[in-house]
1. Taking a temperature of 20 °C and a viscosity of 1.002 mPa s, what whole-number D in µm²/s does Stokes-Einstein yield for region 159-199 with Rh from Kirkwood over alpha carbon pairs?
2. What accessible area per residue comes out for region 1-90, rounded to a whole number of Å², with a 1.4 Å probe?
3. Compute the label zone of residue 306 within region 7-28: residues whose backbone N is under 19 Å from the point 7 Å along Cα-to-Cβ.
4. With a cut-off of at most 15 other beta carbons within 10 Å, and DSSP calling the residue loop, which chymotrypsin sites (Phe, Trp or Tyr not before Pro) in region 215-277 qualify? Please list them.
5. Among 265, 77, 85, which one shows the biggest mean-square fluctuation in a GNM of the chain, springs joining Cα atoms closer than 10 Å?
6. Please list the helices of the chain that count as membrane-span-like by this rule: a mean Kyte-Doolittle hydropathy of at least 0.0 together with Cα atoms stretching 24 Å or more along the helix axis, each helix being a complete DSSP H run.
7. Assuming a ≥ b ≥ c are the square roots of the Cα gyration tensor eigenvalues, decide whether region 121-193 counts as rounded (a/c under 1.5), prolate (otherwise, with a/b larger than b/c) or oblate.
8. Hey, what number do you get for the chain at 222 nm if only DSSP H runs of n ≥ 4 count, each worth -39500 (n - 2.57), divided across all residues, to the nearest 500?
Amino acid sequence: MKKITIIIPAYNEEESLPILYERIKKLMDDMKNYEFEILFVNDGSKDKTIEIIKQLRQEDKRICYVDFSRNFGKEIAMIAGLDYATGDCVIFMDADLQDPPEVVPELVKYWEEGYDDVYAKRKSRKGETWLKKFTSKMYYKVLQHLTRVEIQRDTGDFRLLDRRCVNALKKLRESQRNTKSMFSWIGYKKKEVLYDRDPRVAGATKWNYMKLVDLAIDGITSFTTSPLRLSTFIAIPTFMVLFVYFVYVIAKSLIIQEVIQAYQAIILLILFFSGIQILLFGIVGEYLGRIFNETKNRPLYLVNEYNDQKEMNEK
Ligand code: UDP
Ligand code: MG
């Protein structure tokens, strides 16, 4: 029997968990041909989340959990989920039921047809402002221009991944994670499934615009170091202006025998030195980018407890 691991990152979700368990239990009852593992990653919740998970585990051994030593963020919770998952495929799901478990059979259907990465795409974005939709659209446009990796739009983390994808993702151990871009980066056979994203069932969102901006910048910088190239690009027009002005001043002094004015010399000097400075900055940036790409090997998280066992070391 094939085993499906559902990975659920949870941060202060005490109100959602009982409802979530009911819905997932129904799903598991409906899909009797599969073995299930419900893997909660408790991301340093400050409420009763971990107690509730432990309680659920007493009733139902299919429930497993990884308990973090502190809050590491959803992205890190997701990689921990992949590390501890034992299934033949994994499904990421939010704890707040915004990703309806009822979509799961369809995801599994395509997996059985041979797709490796079946992602759920939002059909509608109910209750989102015009501004949010617009900025999100522009963001994807910019991001897609910066990289040759194909990016899936309007998809969140709600998706099914085959073991091959899980193993691939486990190899990407950088600490500033943008899991969404990694799903695109690993490639493999992808299939989209449309669904309606529900509003959060209980509790409050942990997101705000500031976090979104953070995520957007992480998205770009984790994909490419091209923003560091900005300096190099600014240096080029600076030198071009310098060159044109230089030719103009010299030509004028030669043809109409005009003495070079002090202000002209100053402009030339400013253009010359600022050009050099920006250029050197750009070169530093290029190397910095390479260092940045090479130095990502700290353990990503620390685990307090895994299924009732005290875990001393991270995996
Ligand atoms: N989450 C987490 N760590 C955090 C923030 C959020 O594990 O630091 C989890 C949260 O419990 C939920 C999922 O990530 O299961 C999505 O969070 P949320 O619903 O707040 O985000 P939104 O759906 O509003 O984008
Ligand atoms: Mg949510």
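The values are calculated or read from the model by the stated rules, or taken from the named source; none is laboratory data. A quick note: this is a predicted structure, and the numbers were derived from the prediction, not measured. We place every Cβ from the backbone using ideal geometry, glycine too, and count neighbours over all the protein chains shown. Side chains included, ligands, DNA and RNA excluded: accessible areas come from the protein's heavy atoms. Shrake-Rupley method; radii C 1.70, N 1.55, O 1.52, S 1.80 Å.
1. Details: Rh = 11.8 Å.
Estimated diffusion coefficient is 182 µm²/s.
2. Working: 3710 Å² over 90 residues.
Per-residue value: 41 Å².
3. 7-10
4. Values: sites: 223, 233, 239, 243, 245, 246, 248, 263, 272, 273; in loops: none.
Loop-located and lightly packed - none at all.
5. Taking springs between Cα atoms under 10 Å, the residue moving most is 265.
6. Working: long enough: 130-146 (25 Å, -0.41); 230-255 (38 Å, 1.99); 262-294 (48 Å, 1.40).
Span-like helices, by this rule, are 230-255, 262-294.
7. Values: a/c = 2.07, a/b = 1.57, b/c = 1.32.
Prolate shape, in that a/c is at least 1.5 and a/b is the bigger ratio.
8. Numbers: 10 runs with 153 residues, N = 315.
Roughly -16000 deg cm²/dmol at 222 nm, from the helical runs in the chain.
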